[in-house]
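Below is one structure; the comments refer to it alone.
The values are calculated or read from the model by the stated rules, or taken from the named source; none is laboratory data. Please read all numbers here as calculations on a predicted model, not as lab measurements. Here the Cβ positions follow ideal geometry from the backbone for every residue, glycine too, while neighbour counts run over all protein chains shown. To get the accessible areas, we keep the full protein, side chains included, count just its heavy atoms, and leave off ligands, DNA and RNA. Shrake-Rupley method; radii C 1.70, N 1.55, O 1.52, S 1.80 Å.
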Amino acid sequence: MNNRILVVDDDQAFRIATVALLEDNGFTVSVATDGAEAQKRISETEFDLVLSDLVMEGMNGIELLQRIKAISSEVPVIMITGFGSINTAVEAMRLGAYDYITKPCDNDELLIKIRRVLEERRKDRELYRLREEITTQYSFGNIVSRSESMKKIFKLVRQVSETDVTVLILGETGTGKELLAKAIHYNSPRKEKPLVVITCSALSETLLESELFGHEKGAFTGAQKQRTGKFEDANGGTVFLDEIGDVPLHLQTKLLRVLQEKEIERVGGNRPIPVDVRIIAATNRNLQDLMKAGSFREDLYYRLNVFPISLPTLRERIEDIPLLVEHFLQKYAALSNGRVKRAAPTAIAMMVSTTWRGNIRELENVIKRAIIKTDGDTIHSIDLPAQPLGDVRPFALKTSDNGEIRFKEYIKKITYDAESKYLVEMLERHQGNIKAVAELMEVDRKTIYRKIEEFGIDISKYRNSGQSS
Ligand SMILES: Nc1ncnc2c1ncn2[C@@H]1O[C@H](COP(=O)(O)OP(=O)(O)OP(=O)(O)O)[C@@H](O)[C@H]1O
Ligand SMILES: [Mg+2]
């Protein structure tokens, strides 16, 4: 969203010129011709910045400033002072104005001051948000778990948090790698300093480099200004290199250098800049495989692998499922205005026997959707999605000549999907025991064999060795 600026001045020529300038630079501008009008606007709308004349008829700028601070203490005010009223400007600063500028204003100077104020305000807010996050979410106590494997991890993490040791977090998608990285940072002595997250897979190669290390003006086409990179931004704090397995080789070399030398070089720059950062890296990929394939540097791996932590999959800690369900029911209570309070034992049982390839994130999404779907106060198994189809052959919907789908065809597809899901689920639960599944489906064994054939299910997948039907 554009930043909203309120311009207050009784000088019409100045108002018109300033509004034009600000609008040309992408700001949303409102105007007020005197203090009273300004006060009214501020109580109606939230502004990101007020630009006010100091000397006005009626309510003067100082008075207005005091009222603004009373209504909305956060909104920054820049005072415009006429020649010779510097002393009053200083007084304004003392009363809480962010800055002042003398009339006649230099356009560039005005824009620079405005941008600086807005940027500072953004940072303040960010800091505030992060502080909130610390207290509400990322203490270890809030990483929900009761499993032995996680308990061991918590113990390790507590020790390592207090140090500057590089941590490598490994684990399948959705196992909580990012949550853990945040927990480590916010439990470390660096917690008051920034945690900068870099998602290595999300950026193109050239962008990634300047994103990480910054660039000098003119380093490449489009680099019109000098810019600091994330490593510099994180100075004193922590850099979280998420999806480290996706960093292109030539950047791996540069990363290695940062880890070894604790200094960076901006793109197009020629002097090393020292940085003090703690590194946490994470990946869901198998780095050993990547090394064998030649797409991950071995020396970088050893630099990162100082303190590896492998997060268990949800399948390996199903005892956490009831606890996590409870946690997510509370977290998303607002979705049903607090109506949905619990999950039925049968629903929990179903969740415990689900494979959860997407791990905790998948469970979280399932609970979120179930809360929305459920009518009463309890989630039942019917509110949960059936198991993913796995290797079942998809049913192709036939359409008529004009592309329409017949109702009967549609029903056939739904029946097919439901039946195949059920069959797969039961085969999984009963390790491919046809007799047991036939009894559950109330058909004979021949029918089950026919359906297995029809759905293209690979029955051997569900059978442990030595078991027969
Ligand atoms: N132990 C836990 N307790 C509560 N919530 C958790 C726990 N672990 C993970 N979550 C939640 O599950 C979701 C996924 O976690 P996170 O983003 O940390 O996973 P990830 O391992 O980084 O996944 P990916 O590899 O896909 O990036 C988040 O919403 C997170 O809050
Ligand atoms: Mg992640």
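Sort through SER201, SER210 and tell me the only one that's within 21 Å of THR175 (Cα to Cα) and not in a loop (DSSP other than H, G, I, E, B).
Numbers: SER210 fails: within 21 Å of THR175 (Cα to Cα).
Result of the check over SER201, SER210: SER201.
Within the range 269-284, the presence of at least one residue that is open to solvent by 40 Å² or more (accessible area, probe 1.4 Å), within 16 Å of ligand 2 (Cβ to nearest atom) and in contact with a strand residue (DSSP E or B) (Cβ under 9 Å, 6 or more places away or on another chain) is confirmed.
Summed over the range 317-359, residues that are modelled with pLDDT of 90 or more and among the acidic types (Asp, Glu) total 1.
For the range 157-198, residues that are within 11 Å of ligand 2 (Cβ to nearest atom), open to solvent by 60 Å² or more (accessible area, probe 1.4 Å) and touching a strand residue (DSSP E or B) at 6+ places or on another chain (Cβ under 8 Å) total 1.
Is it the case that VAL340 is of a type in the set (Val, Ile, Thr) and either in a helix (DSSP H, G or I) or within 15 Å of ligand 1 (Cβ to nearest atom) (or both)? Judged against the criteria, VAL340 is not a match. Of the set (1) part of a helix (DSSP H, G or I); (2) surrounded by 14 or more Cβ atoms within 10 Å (Cβ to Cβ); (3) away from ligand 1 (no atom under 16 Å from the Cβ), all apply to GLN260 but (2). I'd like the full set of residues that are touching a residue at least 24 places away in the same chain (Cβ under 8 Å) and not in a strand (DSSP E or B), limited to the range 1-15. Within the range 1-15, ASN2, ASN3, ASP9, ASP10, ASP11, PHE14 meet the criteria. Got at least one residue in the range 42-62 being closer than 20 Å to THR102 by Cβ, in contact (Cβ under 8 Å) with a residue 24 or more places away in the chain and aromatic (Phe, Trp, Tyr)? Checked the range 42-62: no residue is closer than 20 Å to THR102 by Cβ, in contact (Cβ under 8 Å) with a residue 24 or more places away in the chain and aromatic (Phe, Trp, Tyr).
Of the residues that make up the range 221-232, is at least one within 24 Å of ASP299 (Cα to Cα), part of a strand (DSSP E or B) and in contact with a strand residue (DSSP E or B) (Cβ under 7 Å, 6 or more places away or on another chain)? Can you show your working first?
Going through the range 221-232, the residues within 24 Å of ASP299 (Cα to Cα) turn out to be 229-232.
If we keep only those that are part of a strand (DSSP E or B) as well, we get none.
No - not one qualifying residue is present in the range 221-232.
There is no residue in the range 395-406 that is at pLDDT 75 or above, away from ligand 1 (no atom under 16 Å from the Cβ), out of contact with any Gly (no Cβ under 8 Å at 6 or more places or on another chain) and among the small types (Gly, Ala, Ser).
Out of GLY237, GLY218, GLY229, one residue alone is open to solvent by less than 40 Å² (accessible area, probe 1.4 Å), away from ligand 2 (no atom under 16 Å from the Cβ) and touching a residue at least 40 places away in the same chain (Cβ under 8 Å). It is GLY237.
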